[in-house]
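What follows is a short report on a single structure.
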Amino acid sequence: MSSFSNLNLAPNLARAVAEMGYESMTPIQAQAIPVVLTGQDVMGAAQTGTGKTAAFSLPLLQRLLQHENASTSPARHPVRALVLLPTRELADQVAQQVKLYAKYTQLRSAVVFGGMDMKPQTAELKKGVEVLVATPGRLLDHIEARNVVLNQVEYVVLDEADRMLDIGFLPDLQRILSHLPKQRTTLLFSATFSPEIRRLANSYLQNPITIEVARPNETASTVTQRFISVSDDDKRRALVQLLKQNEVSQAFVFVNSKLGCARLARSLERDGLKTSALHGDKSQDERLKSLDAFKRGEVQLLVCTDVAARGLDIKDVPAVFNFDIPFNAEDYVHRIGRTGRAGASGLAISFVTHSDQRLLGDVEKLIKKKTELEPIEFEDDRPRGRINTGRRHWGEDEPRDAIDVPQRVSRPTRGTPRQAPLDPFFTQPYQAPEGAQAESAEPAMPTRVSGNIKPKKKMAALFK
Ligand code: AMP
């Protein structure tokens, strides 16, 4: 076990680490901190929950201490480290950790993300901050409003880089990177090293040291994975029954679209389950409140979309339900990674409808395991749901933006400098993965269903 004391961290950083109660370094910390301290670029394969925030922020803060000063002049506190993340929650989480690590130093940090009033963020930026944590879109807003200047940035961290590309932030990232000095240290962290991530790294990192702490796409052996064959109309009922049967105290329930997320949460709430929804249409304040309530145990079910849940620092959830099979197989690994952490046993239950065969095949390929579909027998076999009142079915005319991705994936250039990489990957608009927009399609009734499930008329069980 490597101890933090071997790192010779400055006493004011070592004190903060000791207060956090960390006894030894996690594998990503043991590997990355010494490299970042030398100023080399890093390409790190590590997921949230591995301690990667400290792995990059402690060495950054250590190196920035040379600039530490007590001056009140904003000019003495230019942005020297920029940390970019895909979602507001992640940005908030990382910023909170950075603040804790830097609390005995005079280095200032701030966070900017969308969905919040720009004014308080602007006031903080204008006072000067050495470490700026941001989501790409809002940072560009501040750059364009000239609230922040990035020409003294020495370190940039692209955290959850795969996710940033997945949700279409590539053009924004390119624009932000074009504002930074070429001479800098760049750290890129990603759950997986896809070809796109490698291309991003080739374009923006210089001779990076590759650090890989867990095999990409690895699912924890402590997680029991079950796949339940169910029709769309019976999913909610199956969920309620499985929660009861497995005596699940708390769970994440993943849904592919914002609309589905809101509807399911409302419906479960009506069933008397303490439920919160977490998706991109919720205000920042609502999202943070839901999270806190879940962390305090006041909420039993957090129904969420991938974008909203990615990287949240909630560990040891007893169970994860995939109410929908994700469009992106890697999300399956991220989702079930929320349970069975730190050696605890976890339960991951996925609902599979007939139309999910292709998506399930992608998951099987990724986790290198053949799945076994279990039928479900309902305890209470009364007719369920309400008879369809003629309300439209989900998918028939659902807005195509119902999937939880940022609405704006590129923005007008307004005369800002642009890099012109030769690779067409960087010049073509981002294409969502195949099927990513089609999540709301009403699946056909399964032609091969378990013997326990009787074919029946379509009912709008979810849409009371
Ligand atoms: P991260 O992967 O950076 O989001 O970190 C996940 C959680 O692990 C956070 O709550 C950290 O406070 C915690 N953590 C980070 N490093 C350590 C460590 N060396 N020992 C124990 N906990 C840690």
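Here, each number is a calculation from the coordinates, and none is a lab measurement. This one's a predicted model, so the numbers in the text were calculated from it and none came from an experiment. Because the Cβ atoms are built from the backbone with ideal geometry, glycine has one as well, and the counts that use them run over all protein chains shown.
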Original post:
On average, how much area does the Cα convex hull of the stretch 1-133 cover when viewed from any direction, in nm²?
Top reply: 8.2
Original post:
Around Leu107, what is the net charge, scoring Lys/Arg as +1 and Asp/Glu as -1 over all other residues with Cβ under 12 Å from its Cβ?
Top reply: +4
**OP:** Take the cross-link list Lys127/Lys182; Lys99/Lys119; Lys52/Lys182; Lys103/Lys126; Lys235/Lys369 and give me the ones stretching past 28 Å between alpha-carbons.
**Re:** none
Original post:
Relative contact order (percent) for the stretch 242-316, with alpha-carbon contacts under 8 angstrom and 6 or more residues of separation?
Top reply: 40
**OP:** Scan around Phe189 for amide H atoms under 5 Å from its own, H built in the peptide plane at 1.01 Å from N, and keep only partners 5 or more places away or cross-chain.
**Re:** Gly44, Leu158, Asp159, Glu160, Ala161
Subject >> Whole-Hz couplings from phi, Karplus 6.51/-1.76/1.60, listed for the stretch 351-367; x for Gly and Pro >> reply: 8, 10, 9, 4, 6, 8, 3, 5, 5, 5, x, 5, 5, 4, 4, 5, 8
**OP:** Could you tell me which of rounded, prolate or oblate describes the stretch 223-374, using a ≥ b ≥ c as the square roots of the eigenvalues of the alpha-carbon gyration tensor, with rounded for a/c under 1.5 and, failing that, prolate when a/b is larger than b/c and oblate otherwise?
**Re:** rounded
